[in-house]
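Take a look at the structure set out below.
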Amino acid sequence: EVGGLGGKREELAAHRTRDRKAVEMAAFVGACGCSNARKVSSFCGERLRPLPQVARKRGETRMVAEVAGGLQYVMAKKDVVEKALEGSIMANSPYTKKIWESMTYSLMAGGKRIRPALCLAACELFGGKEENAVPTACALEMIHTMSLIHDDLPCMDNDDLRRGKPTNHKVYGEDIALLAGDALLAYSFEFIAKHTKDVSPDRVLEVIRIVANCAGAEGLVGGQVMDLEHEGNPNTSVDALRWIHVHKTAVLLKASVTTGAVLGGAKPEEVAQLGEFAEKVGLAFQIRDDILDETQTSETLGKTAGKDAAVIKATYPRLLGLDESRAQATKLVTEAKSILKNFGDRAAVLESLADLIISRKN
């Protein structure tokens, strides 16, 4: 093949990139439950190989329409974010090599990069440039990775598998894993402050405030505390469960969308509207997670399946059953998309991302 391409390194590199994108997109399409490679290939402008047939409960054409737009956007932005992340993590001294290595292990372990995509889409909705929001998009992924490292620790959810690989503490030990999460959280704020360009200082400060609130006691930490408190509790109410899911999961998706909006120049009332949209989508995201934990294999999920039921964790399927949980998630996304009508066609990407989130299989 090298000879066939005339030995041109640039052309060969482009050929390999297209192949890699095709493989990644095919895997993503399969994960979302869409088996019609030709339709998605045409929509996304990428060459896809045939995919295995999967069960089609709602009709293949409708599934393609729901996920293809979000799929195309996520895959395009994933390349941008991954390139920025790869250049963000490096040790400045041999003494810090181990901690940076541990941070990189989890940060670059894969993932859909949904949160960065939401941030970039919200920024672009208001006419902001991609480069204005990339530092914050990366910072949000650092915080997400921190939460995964900490969630997997024996004192939390005690998991051995994440994104198909051994969890951080299984590779580096509990002590280093804990510190790697701490370092990622701290570095996320430095990354926003240092690398955000051509955005007014007041907007950068507001972004930092949103992210800090999201990561603290009124956000991720508070949600995790209540999640642990209600583990094994058979009397958890739906209201309490909603609070847990909103703060444990939805708050980071909300921060992703609202920070993107701020960076793009949105007015306060527009930021608030998108915050309401994102909270509903984030809650649907966690309900979908609860469902997948009961219905998918560990291989598909990339993490240990069935753990929620094993520890009697508070989940929507446990309280409402699978069918009602699916109905609740669908209702939330429908409500979320209705909020976007205020923004017209400019919000098409956010709408497609909401559809992708509710359709995913991992």
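The values are calculated or read from the model by the stated rules, or taken from the named source; none is laboratory data. Keep in mind that this is a model prediction, so the values were computed, not measured. Because the Cβ atoms are built from the backbone with ideal geometry, glycine has one as well, and the counts that use them run over all protein chains shown. Keep in mind that these areas ignore ligands, DNA and RNA; they rest on the heavy atoms of the full protein, side chains included. Shrake-Rupley method; radii C 1.70, N 1.55, O 1.52, S 1.80 Å.
Numerical summary
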| quantity | calculated |
| --- | --- |
| Compactness of segment 202-253 - radius of gyration and Dmax, Cα, Å | 13.0, 46 |
| Mean projection area, nm², convex hull over Cα of segment 159-297 | 10.3 nm² |
| Shape of segment 93-134, Cα gyration tensor, a/c cut at 1.5 | oblate |
| Sites Leu319 and Asn158 - FRET efficiency at Förster radius 22 Å, r taken between beta-carbons, to 0.05 | 0.45 |
| Sequence ranges 336-343, 194-201, ranked by mean other-Cβ count within 10 angstrom, highest first | 336-343, 194-201 |
| In order through segment 217-230: 3J(HN,Hα) via Karplus (6.51 cos²θ - 1.76 cosθ + 1.60), integer Hz, x for Gly, Pro | 5, 8, x, 4, 5, x, x, 5, 4, 5, 4, 5, 4, 9 |
| 5 angstrom amide H check on Leu161, placed H, neighbours 5+ away | Thr167, Thr304 |
| Sorted peptide list for 151-164, 168-181, criterion being average Cβ within 10 angstrom, highest first | 168-181, 151-164 |
| Percent carbon-and-sulfur accessible area, segment 247-300, ignoring ligands, DNA and RNA, probe 1.4 Å | 44 percent |
| Per-peptide average of other Cβ atoms within 10 Å, ordering 240-246, 290-296 highest first | 240-246, 290-296 |
| Per residue convex hull volume, Cα atoms of segment 102-233, in Å³ | 115 Å³ |
